[in-house]
Amino acid sequence: MLNKIKKIISKKNKSKIICLTAYSKNFAEEIDKYVDIILVGDSLGSVLYNYDTTRKVSLKNMIEHSRSVRMGIKKSLMVVDMPYQTYRNRKEALSNAKKIIKETKCEAVKLEGGIKIAKIIQHLINNRIPVMGHLGVLPQSVKGKFKSKGKTEKEKIKLLKDSKLLENIGAFAIVLECVQTSTSKLITRSIKIPTIGIGSSVYCDGQVLVTDDLLGLNKTNIRFVKKFIDLKKVVNQGVKKFKKEVLSKKFPTKKYSY
Ligand code: KIV
């Protein structure tokens, strides 16, 4: 197992795991200093391309953005989402996961689902491809509005079973998306690999958010998104200043001219 992955697993019950998304080099470069995991999420479909579903994200989209992200990472573990319909069976999944790793130099891939795709995940792991699981709300399977998971006893038991299954087949961590608090707490306490929550309570071993959301760059009213800063304001200030100086012929001075 990769040292970076061992280190992430060893954080369980000691220190929270920090994970953020990145879709390009410049963001990855800044984020890398503060996080343990950088995820090239297929959320890039809605954030960058205005797609109404992550199902429209292609393997080519993921590989191109991931290649850019790779250039910005020095220390974090790089995980890339396998997009919709790239892991419908074992052969397809292995061939696409190998392609992603070869072309992007990422260290792991993330797939959405539990028992339904367990054999596929197992096949990747048997072929030495590190896998991060993803349970709860599975955006690649949702049509329309997202509903939280793990509220009923039935859902709770199913999520717990799926989490244990992913642990047993060798996933190194599991993203829990919009999983009700008592369920995410139970799962986190019941498995030895870390849970990374998104809208799934403080009891998870780590947290992930979409970077564009936390920086206020992406308009969204999803409950789990906290805007930690309004980067739009900063961008506006910079662009306004540039415009003003160009209009008043203050820019470019000699210093900025050849
Ligand atoms: O696509 C993504 O960015 C994700 C995270 C939100 C977990 O899967």
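The values are calculated or read from the model by the stated rules, or taken from the named source; none is laboratory data. Worth saying up front: this structure is predicted, and the values here are computed from it rather than measured. Heads up, the Cβs are rebuilt from the backbone with ideal geometry, glycines too, and the neighbour counts pull from every protein chain shown. Heavy atoms of the whole protein, side chains included, go into the accessibility calculation; ligands, DNA and RNA do not. Shrake-Rupley method; radii C 1.70, N 1.55, O 1.52, S 1.80 Å.
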Does segment 194-214 contain at least one residue that is away from the ligand (no atom under 16 Å from the Cβ), in the same structural domain as Val40 (by TED's automatic domain parsing) and of a type outside the set (D, E, K, R)?
-> yes
Could you grab me the full set of residues in segment 66-85 that are open to solvent by 10 Å² or more (accessible area, probe 1.4 Å) and not aromatic (Phe, Trp, Tyr)?
-> Arg67, Ser68, Arg70, Met71, Ile73, Lys74, Lys75, Gln85
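Identify, please: which residue in segment 148-161 is charged (D, E, K, R) and more than 16 Å from the ligand (Cβ to nearest atom) and is, among those, farthest from Asp81 (Cα to Cα)?
Across segment 148-161, the extreme among qualifying residues is Glu153.
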Failed item, numbered, when Ala108 is tested on (1) touching a residue at least 60 places away in the same chain (Cβ under 8 Å); (2) touching a Phe, Trp or Tyr at 6+ places or on another chain (Cβ under 6 Å); (3) open to solvent by less than 10 Å² (accessible area, probe 1.4 Å) | (2)
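Restricting attention to segment 119-145, and to residues there that are among the charged types (D, E, K, R) and in contact (Cβ under 8 Å) with a residue 12 or more places away in the chain, which single residue is least open to solvent (accessible area, probe 1.4 Å)?
Within segment 119-145, the first condition is being among the charged types (D, E, K, R), and the residues that meet it are 119, 128, 143, 145.
The next check asks that each one be in contact (Cβ under 8 Å) with a residue 12 or more places away in the chain; those that pass are 119, 143.
Values: Lys119: 151, Lys143: 171 Å².
If we take residues in segment 119-145 being among the charged types (D, E, K, R) and in contact (Cβ under 8 Å) with a residue 12 or more places away in the chain, then Lys119 is least open to solvent (accessible area, probe 1.4 Å).
Here's the yes/no breakdown for (1) open to solvent by 50 Å² or more (accessible area, probe 1.4 Å); (2) more than 25 Å from Lys11 (Cβ to Cβ):
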{"position": "Ile117", "(1), (2)": "no, yes"}
{"position": "Lys147", "(1), (2)": "yes, yes"}
{"position": "Thr152", "(1), (2)": "yes, yes"}
{"position": "Ala171", "(1), (2)": "no, no"}
Having 3 or more residues that are at pLDDT below 95, assigned by TED's automatic domain parsing to the domain that holds Leu48 and out of contact with any Cys (no Cβ under 7 Å at 6 or more places or on another chain) is the bar; report the strands (runs of 3 or more DSSP E) wholly within segment 61-146 that clear it.
-> none
Just one of the numbered conditions (1) without any contact (Cβ under 8 Å) to a residue 24 or more places away in the chain; (2) more than 16 Å from the ligand (Cβ to nearest atom) is not true of Asn13; which one?
-> (1)
Could you look through segment 40-65, keep only residues that are under 12 Å from the mean Cα position of the chain (by Cα) and over 17 Å from Lys102 (Cα atoms), and pick out the one that is most open to solvent (accessible area, probe 1.4 Å)?
-> Ser43
How about segment 3-21: which of its residues are surrounded by 15 or more Cβ atoms within 10 Å (Cβ to Cβ) and in a helix (DSSP H, G or I)?
-> Lys4, Ile5, Ile8, Ile9
Could you tell me whether any residue of segment 215-232 is in contact with a Phe, Trp or Tyr (Cβ under 8 Å, 6 or more places away or on another chain), in a loop (DSSP other than H, G, I, E, B) and at pLDDT below 95?
-> yes
